[in-house]
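Enquirer: Below is one structure. I have some questions about it.
Please treat every number below as a calculation from the coordinates, not as lab data. Values in this document were obtained by computation on a predicted structure and should not be read as measured data.
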Amino acid sequence: MSDDRARPQVSTRSAGRIGRILDVTLPVYASLVFVVVWLYVALAVFTDSSLPADTWAWLQGLDTIAAIVAWLAILPLGIFLWAWQAGLEPVFFGLIMAALVGWTFIAWSGSLRAYRRLWRFRSSD
């Protein structure tokens with residue numbers, strides 16, 4: 001049976017615009033999250049070391065939906081907090097921090113690629 005209602009069509013131009021917006025905003029968001037993570041790590045290491053414990057307790061005290069949103073939004077920070085609170089051996093803590101450094105460089109390279117694509121697109125118009 002056919003549906004007589006007209007389906008809204010998304011033009012290829014607006015679909016391309018949405019794709020370009022996502023190409024830029026997602027890597028930029030990831031880079032900003034990592035900037036916050038590394039500022040937080042520096043703050044935790046060089047000042048009051050109870051800050052990670054307080055943040056960890058706050059994350060654990062959230063309701064289920066809020067906790068899921070918070071963990072997805074700040075996953076790298078959550079990984080750092082878990083490693084800090086777990087009392088891991090220094091070798092394992094170092095490996096986790098090295099993984100976060102690698103993840104940071106991947107996020108920043110994605111942002112640089114997105115800016116280059118955007119620059120090429122704008123200069124071709």
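Enquirer: Working out 0.36 nm times the residue gap between residue 97 and residue 72, then minus their Cα-Cα distance, what length gain in nm do you get to one decimal?
Expert: Extending this stretch completely gives an extra 7.1 nm.
Enquirer: If you project the alpha carbons of the stretch 25-124 onto their three principal axes, what span does each projection cover, largest first, in Å?
Expert: Here the Cα extents, ordered largest to smallest, are 52, 33, 22 Å.
Enquirer: Multiply the residue separation of residue 64 and residue 113 by 0.36 nm, subtract the distance between their alpha-carbon atoms, and state the gained length in nm to one decimal.
Expert: Taking residue 64 through residue 113 to full extension adds about 14.1 nm, to one decimal.
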